[in-house]
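*Asks:* Have a look at this one before I ask anything.
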Amino acid sequence: DRSASLFICCSTRVTREFASSQNRRNVRTAWNGVRAAPAIESDRRRQVRERLGIADDTIIVLAISNARPQKQLHLLPKIASELRARRSNAAIVHIGNLPNAALPETLDCNQPYASHPGLIFAGFQDNSHEWLAASDVCLSVSAHEGLSIAQLEAISLGAPLVITDPAGTAELLRW
(Lines give C-alpha, C1' and ligand atoms only; values in the text may rest on other atoms or scores of the structure.)
Protein backbone atom coordinates (compact mmCIF):
# COMPACT_ATOMS: atom_id res chain seq x y z
CA ASP A 1 0.00 0.00 0.00
CA ARG A 2 1.66 3.22 -1.19
CA SER A 3 -0.50 5.37 1.11
CA ALA A 4 0.90 3.89 4.34
CA SER A 5 3.06 6.32 6.26
CA LEU A 6 5.08 3.62 8.00
CA PHE A 7 5.78 -0.11 7.64
CA ILE A 8 6.85 -2.16 10.66
CA CYS A 9 8.97 -5.30 10.25
CA CYS A 10 9.97 -7.83 12.92
CA SER A 11 13.75 -7.93 12.36
CA THR A 12 16.43 -5.72 10.86
CA ARG A 13 17.07 -8.22 8.07
CA VAL A 14 13.38 -8.30 7.12
CA THR A 15 13.33 -4.48 7.32
CA ARG A 16 16.28 -4.21 4.91
CA GLU A 17 14.83 -6.78 2.50
CA PHE A 18 11.39 -5.17 2.50
CA ALA A 19 12.72 -1.64 2.12
CA SER A 20 14.98 -2.72 -0.74
CA SER A 21 12.39 -4.79 -2.60
CA GLN A 22 9.66 -2.15 -2.24
CA ASN A 23 11.94 0.87 -2.68
CA ARG A 24 10.60 2.27 0.60
CA ARG A 25 12.23 4.51 3.20
CA ASN A 26 9.41 4.46 5.73
CA VAL A 27 10.24 1.02 7.17
CA ARG A 28 11.17 0.43 10.82
CA THR A 29 11.99 -2.57 13.01
CA ALA A 30 9.98 -3.55 16.10
CA TRP A 31 11.23 -6.80 17.61
CA ASN A 32 8.97 -9.42 19.11
CA GLY A 33 9.30 -9.34 22.86
CA VAL A 34 8.94 -11.99 25.52
CA ARG A 35 8.90 -11.68 29.25
CA ALA A 36 12.08 -13.19 30.61
CA ALA A 37 11.36 -16.29 32.64
CA PRO A 38 13.54 -17.42 35.49
CA ALA A 39 15.72 -20.43 34.78
CA ILE A 40 14.18 -23.62 36.11
CA GLU A 41 16.24 -25.51 38.66
CA SER A 42 16.98 -29.20 38.23
CA ASP A 43 14.42 -30.27 40.88
CA ARG A 44 11.69 -28.30 39.11
CA ARG A 45 12.87 -29.66 35.75
CA ARG A 46 12.57 -33.19 37.13
CA GLN A 47 9.05 -32.43 38.41
CA VAL A 48 8.00 -31.00 35.05
CA ARG A 49 9.37 -34.04 33.20
CA GLU A 50 7.60 -36.39 35.59
CA ARG A 51 4.27 -34.59 35.14
CA LEU A 52 4.73 -34.62 31.33
CA GLY A 53 5.65 -38.33 31.36
CA ILE A 54 9.24 -37.78 30.17
CA ALA A 55 11.93 -40.01 31.66
CA ASP A 56 14.79 -38.19 33.35
CA ASP A 57 17.41 -39.78 31.06
CA THR A 58 15.54 -39.01 27.81
CA ILE A 59 17.17 -36.38 25.61
CA ILE A 60 14.36 -34.10 24.50
CA VAL A 61 14.68 -31.92 21.41
CA LEU A 62 11.71 -29.57 21.45
CA ALA A 63 10.21 -28.04 18.32
CA ILE A 64 7.55 -25.37 18.81
CA SER A 65 5.49 -24.20 15.85
CA ASN A 66 2.16 -24.25 14.13
CA ALA A 67 1.68 -26.21 10.93
CA ARG A 68 2.59 -23.97 8.04
CA PRO A 69 4.69 -24.97 5.03
CA GLN A 70 7.52 -22.58 6.03
CA LYS A 71 8.00 -24.54 9.28
CA GLN A 72 9.11 -27.60 7.25
CA LEU A 73 7.59 -30.13 9.66
CA HIS A 74 8.02 -32.80 7.00
CA LEU A 75 11.73 -32.82 7.97
CA LEU A 76 11.05 -33.90 11.55
CA PRO A 77 10.63 -37.68 10.95
CA LYS A 78 14.01 -37.86 9.17
CA ILE A 79 15.71 -35.75 11.84
CA ALA A 80 14.13 -37.94 14.56
CA SER A 81 15.35 -41.07 12.78
CA GLU A 82 18.90 -39.70 12.50
CA LEU A 83 18.83 -38.64 16.14
CA ARG A 84 17.58 -42.04 17.34
CA ALA A 85 20.30 -43.79 15.32
CA ARG A 86 22.87 -41.87 17.36
CA ARG A 87 21.05 -41.69 20.70
CA SER A 88 18.41 -44.33 21.42
CA ASN A 89 17.17 -42.36 24.43
CA ALA A 90 16.42 -39.22 22.38
CA ALA A 91 13.15 -37.91 21.00
CA ILE A 92 11.86 -34.88 19.18
CA VAL A 93 8.74 -33.48 20.80
CA HIS A 94 6.69 -31.05 18.74
CA ILE A 95 4.20 -28.74 20.41
CA GLY A 96 1.82 -26.49 18.52
CA ASN A 97 -1.33 -26.63 16.45
CA LEU A 98 -1.19 -29.33 13.81
CA PRO A 99 -4.14 -29.28 11.43
CA ASN A 100 -3.46 -32.25 9.16
CA ALA A 101 -4.74 -30.31 6.16
CA ALA A 102 -1.60 -28.14 6.37
CA LEU A 103 0.80 -31.09 6.54
CA PRO A 104 2.23 -33.25 3.78
CA GLU A 105 0.34 -36.53 3.27
CA THR A 106 3.40 -38.43 4.47
CA LEU A 107 3.21 -36.78 7.89
CA ASP A 108 -0.10 -37.75 9.47
CA CYS A 109 -0.02 -36.78 13.13
CA ASN A 110 -3.03 -39.00 13.84
CA GLN A 111 -1.03 -42.14 13.10
CA PRO A 112 0.25 -44.16 16.04
CA TYR A 113 3.51 -43.10 17.67
CA ALA A 114 5.26 -46.17 16.19
CA SER A 115 4.80 -44.64 12.72
CA HIS A 116 7.37 -42.00 13.62
CA PRO A 117 9.77 -43.51 16.20
CA GLY A 118 11.44 -40.82 18.25
CA LEU A 119 8.90 -38.19 17.21
CA ILE A 120 6.06 -37.12 19.48
CA PHE A 121 3.37 -34.68 18.40
CA ALA A 122 1.99 -33.31 21.66
CA GLY A 123 -0.41 -30.83 20.02
CA PHE A 124 -1.18 -27.37 21.31
CA GLN A 125 0.17 -26.67 24.81
CA ASP A 126 -0.46 -23.52 26.78
CA ASN A 127 2.63 -24.09 28.95
CA SER A 128 5.50 -23.76 26.47
CA HIS A 129 7.84 -22.55 29.23
CA GLU A 130 7.41 -25.84 31.09
CA TRP A 131 8.04 -27.85 27.93
CA LEU A 132 11.15 -25.76 27.26
CA ALA A 133 12.29 -26.32 30.83
CA ALA A 134 11.83 -30.07 30.45
CA SER A 135 13.75 -30.20 27.17
CA ASP A 136 17.47 -30.33 26.47
CA VAL A 137 17.54 -28.28 23.27
CA CYS A 138 15.09 -26.30 21.13
CA LEU A 139 14.91 -27.03 17.37
CA SER A 140 13.62 -24.91 14.50
CA VAL A 141 13.91 -25.93 10.84
CA SER A 142 11.91 -23.03 9.37
CA ALA A 143 12.57 -22.05 5.79
CA HIS A 144 11.88 -18.42 6.69
CA GLU A 145 11.11 -16.63 9.91
CA GLY A 146 10.77 -13.05 11.07
CA LEU A 147 11.90 -13.18 14.66
CA SER A 148 10.56 -16.27 16.37
CA ILE A 149 8.82 -15.89 19.71
CA ALA A 150 9.50 -19.58 20.46
CA GLN A 151 13.22 -18.99 19.96
CA LEU A 152 13.13 -15.88 22.16
CA GLU A 153 11.35 -17.88 24.87
CA ALA A 154 14.00 -20.59 24.64
CA ILE A 155 16.75 -18.01 25.03
CA SER A 156 14.98 -16.45 28.01
CA LEU A 157 15.11 -19.84 29.75
CA GLY A 158 18.71 -20.50 28.77
CA ALA A 159 17.82 -23.38 26.43
CA PRO A 160 20.30 -24.15 23.63
CA LEU A 161 18.98 -23.61 20.11
CA VAL A 162 19.52 -25.57 16.90
CA ILE A 163 18.09 -23.36 14.18
CA THR A 164 18.22 -22.67 10.47
CA ASP A 165 19.30 -19.20 9.34
CA PRO A 166 16.25 -17.54 7.81
CA ALA A 167 15.74 -13.77 8.05
CA GLY A 168 15.69 -12.57 11.63
CA THR A 169 17.17 -15.65 13.26
CA ALA A 170 20.77 -14.47 13.10
CA GLU A 171 19.79 -11.44 15.18
CA LEU A 172 19.16 -13.77 18.11
CA LEU A 173 22.90 -14.33 18.36
CA ARG A 174 23.36 -10.75 19.48
CA TRP A 175 21.48 -11.39 22.72
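*Asks:* In terms of modelled amide H atoms, which long-range or inter-chain residues lie less than 5 Å from the amide H of Cys138?
*Replies:* Long-range HN contacts for Cys138: Leu62, Leu161, Val162.
*Asks:* Please turn the phi angles of segment 44-59 into ³J(HN,Hα) values with the Karplus equation 6.51 cos²θ - 1.76 cosθ + 1.60 (θ = phi - 60°), one per residue in order, whole Hz, x for glycine and proline.
*Replies:* Here the 3J(HN,Hα) series is 5, 4, 4, 5, 4, 4, 4, 5, 7, x, 10, 4, 4, 8, 7, 8 Hz.
*Asks:* Between Val27 and residues 5 or more places away or on another chain, which pairs have amide H atoms under 5 Å apart, with H built 1.01 Å from N, and which residues are they?
*Replies:* For Val27, the qualifying residues are Phe7.
*Asks:* Ordering Glu50, Glu153, Glu17 by how much accessible area each has at a 1.4 Å probe, largest first, what is the list? Can you show the working numbers first?
*Replies:* Values: Glu50 150, Glu153 35, Glu17 95 Å².
The most accessible residue leads, giving Glu50, Glu17, Glu153.
*Asks:* If each of Thr58 and Leu6 carries a label point 7 Å out from its Cα toward its Cβ, how far apart are those two points in nm?
*Replies:* Calculated label separation equals 4.7 nm.
*Asks:* Shifting gears a bit: What do you reckon, how do Lys78, Lys71 stack up by accessible area (1.4 Å probe), largest on top? Don't skip to the answer; put the middle values down first.
*Replies:* Details: Lys78 140, Lys71 20 Å².
The residues order as Lys78, Lys71, largest area first.
*Asks:* Please list 136-143, 51-58 highest first by mean number of surrounding beta-carbon atoms within 10 Å per residue.
*Replies:* Working: 136-143: 19.0, 51-58: 12.4.
Ranking, from highest mean packing down: 136-143, 51-58.
*Asks:* Between Arg68 and Gln47, what length comes free when the chain is fully extended (0.36 nm per residue of separation minus the Cα-Cα distance, one decimal in nm)? Kindly include the intermediate steps, with their values, before the conclusion.
*Replies:* Working: separation 21, 0.36 × 21 = 7.56 nm, distance 3.22 nm.
Full extension of this stretch gives 4.3 nm more.
*Asks:* Just by accessible area at a 1.4 angstrom probe, what is the order of Leu75, Leu6 from largest to smallest?
*Replies:* Numbers: Leu75 65, Leu6 85 Å².
Result of the area sort, largest leading: Leu6, Leu75.
The values are calculated or read from the model by the stated rules, or taken from the named source; none is laboratory data. If you're wondering where the values come from, they're calculated on a predicted model, not measured in any experiment. No Cβ is skipped: glycine too gets one built from the backbone with ideal geometry, and neighbour counts run over all protein chains shown. Just the protein is used for accessible areas: all its heavy atoms, side chains included, with ligands, DNA and RNA removed. Shrake-Rupley method; radii C 1.70, N 1.55, O 1.52, S 1.80 Å.
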